[in-house]
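A short worksheet on the structure shown next.
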Amino acid sequence: MQVIGTVKEIWRYPVKSMAGERLQRADISVRGIYGDRGWAIRDEKAGEIRNARKLPALLHCTAVYLREPSADDAPPAQITLPDGTTFRSDSAEANARLSELLGRSVSIWPIQPPSERDLLRRAAPDNPDMRAEMREVFGRLENEPLPDFSTLPRQILEFTSPFGTFFDAFPFHVITTASLSALAGHNPGADFDTRRFRPNVVIKTESGIEGLAEAEWSGRTLRIGATRIKLEMPTVRCVIPTLEQPGVKKDPSVLRTIVRDAAQNLGAYATIATDGTIALGDEVTLE
C-alpha cells in the first residue's frame, strides 16, 4: 500500500444543495457519511427532486443536524435562509418558507426507503431540446463537448438518485489537493475553493503527488483507518461549481478550466467497501 496523504477536510450535507457541515470526524457506511444528503427539495411544478443546477438559491442556505444521524436515520435539520430566518426541516412552515425563497412551489423530503421510487423519478425536461437542456444544466458552451453520460449508472437516466438516497450518482465524493493545485496552475486567477465542488473528503496529498491524482486512481481503493473507499469514476462537473455562494464568487472560468484541462472531471465518485470512522489528520493509503 502507498501512503498518498492525510484527511484535510470532511464534509456532510444535511440538505441536498445547501451549504454543508464541516466535521472533525465521521462515521461511514454503505450509504456514505451518516446523514449525508438526508433531505432534498422537490419542485412541485416540475414534479422532480432538484438541486442547485435548477434552484441556485439553495446554495445560500445552510443546514445542520439537530442531533447526530445514524446509518439508517437522517434526523431533522435546522435550516437557515439567507436573511437569517431559521426553521426545522420537518416543521409545518418549511415548505412555505422554501417556496417563498425559491419563487416556486417546493416541498422538502427526508430520505425514503429504497422501495419508494416514485419520488425519485425524473420529470420531463424543461426544454424539449435535450442537447440544449444538457448544455444548460452542465454549463457547457456551444463549442464545448457534453459529458459522456454512458459512464454514469443506468438508473440515473430514469431516476434523480440511486434508490433510498438523494445522491446524484454515488454515495461518496473525494477530491485531492493535488488536483485542485493542478487546475489552479492552469487558471491562477480563479478560486478553486473546495466548497465549489461539494466533496465529502479532501485529501492533502503527499509531496511529489501531482496532477489529477484521483482520476488516475479510478478502480482502486483508498484506506482511511478501517474504512475502505473504492474510487469508481471521475466526477463529471456541472454548472454548480461556477455559482455564487457565501464566501465564493460566481466564476464561469472554473468550469472552462475543468472542461479544457481536466477532461470535464474533477474529483472521484466512490462507494464504500468497508464501513468505518474517519477523522481529520488520518493517514490515507492507496491499495
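Any residue at all in region 215-227 that is closer than 23 Å to Ser17 by Cβ, crowded, with 22+ Cβ neighbours inside 10 Å and either of a type in the set (D, E, K, R) or at pLDDT 95 or above (or both)?
no
Can you pull out every residue in region 141-175 that is within 17 Å of Tyr13 (Cβ to Cβ) and acidic (Asp, Glu)?
Scanning region 141-175 gives a single hit, Asp168.
Which residue is farthest from Glu48 (Cα to Cα), if the candidates are limited to region 130-183 and must be free of Cβ contacts under 8 Å to residues at least 24 places away in the same chain and touching an Asp or Glu at 6+ places or on another chain (Cβ under 8 Å)?
Arg135
Say we look at region 100-144 and pick out the residues that are among the small types (Gly, Ala, Ser) and more than 30 Å from Phe87 (Cα to Cα); which of these is surrounded by the fewest Cβ atoms within 10 Å (Cβ to Cβ)?
The extreme case among them is Ala124.
Here are Glu48, Glu93: which of them is crowded, with 18+ Cβ neighbours inside 10 Å, of a type in the set (Asp, Glu) and modelled with pLDDT of 95 or more?
Just a single option satisfies the conditions, and that option is Glu48.
Does Arg220 satisfy being in contact with a Leu (Cβ under 9 Å, 6 or more places away or on another chain), among the basic types (Lys, Arg) and either in contact (Cβ under 8 Å) with a residue 12 or more places away in the chain or under 23 Å from Asn51 (Cβ atoms) (or both)?
yes
Output the residues belonging to region 51-66 that are in contact with a Pro (Cβ under 6 Å, 6 or more places away or on another chain) and modelled with pLDDT of 95 or more.
Once the filter is applied, which keeps residues that are in contact with a Pro (Cβ under 6 Å, 6 or more places away or on another chain) and modelled with pLDDT of 95 or more, region 51-66 yields His60, Ala63, Tyr65.
Run down Ser115, Ser70, Ser150, Ser99 and say which single residue is closer than 19 Å to Asn265 by Cα, out of contact with any Leu (no Cβ under 9 Å at 6 or more places or on another chain) and hydroxyl-bearing (Ser, Thr, Tyr).
The match here is Ser150.
Of all residues being under 18 Å from the mean Cα position of the chain (by Cα) and polar (S, T, N, Q) in region 242-287, which is surrounded by the fewest Cβ atoms within 10 Å (Cβ to Cβ)? Just the residue, please.
Residue satisfying both the conditions and the ranking: Thr271.
Here are the criteria: (1) in a loop (DSSP other than H, G, I, E, B); (2) within 17 Å of Leu157 (Cβ to Cβ). Tell me which single one Arg131 does not satisfy.
The failed condition is (1).
Please verify whether region 176-191 includes one or more residues that are over 16 Å from the mean Cα position of the chain (by Cα), surrounded by 13 or more Cβ atoms within 10 Å (Cβ to Cβ) and farther than 18 Å from Leu212 by Cβ.
Yes - at least one qualifying residue is present in region 176-191.
Filtering region 1-17 down to residues that are polar (S, T, N, Q) and assigned to a strand (DSSP E or B), which residue is nearest to Tyr34 (Cα to Cα)?
Thr6
What residue, among those in region 23-73 that are part of a strand (DSSP E or B) and among the aliphatic types (A, V, I, L, M), is nearest to Gly84 (Cα to Cα)?
Across region 23-73, the extreme among qualifying residues is Ala63.
Hand me the list of helices (runs of 4 or more DSSP H) wholly inside region 147-256 holding 1 or more residues that are of a type in the set (Asp, Glu).
Hits in region 147-256: 155-158, 213-216.
The values are calculated or read from the model by the stated rules, or taken from the named source; none is laboratory data. Worth saying up front: this structure is predicted, and the values here are computed from it rather than measured. When we count neighbours, we look across all protein chains shown, and the Cβ atoms used for this are built from the backbone with ideal geometry, even at glycine.
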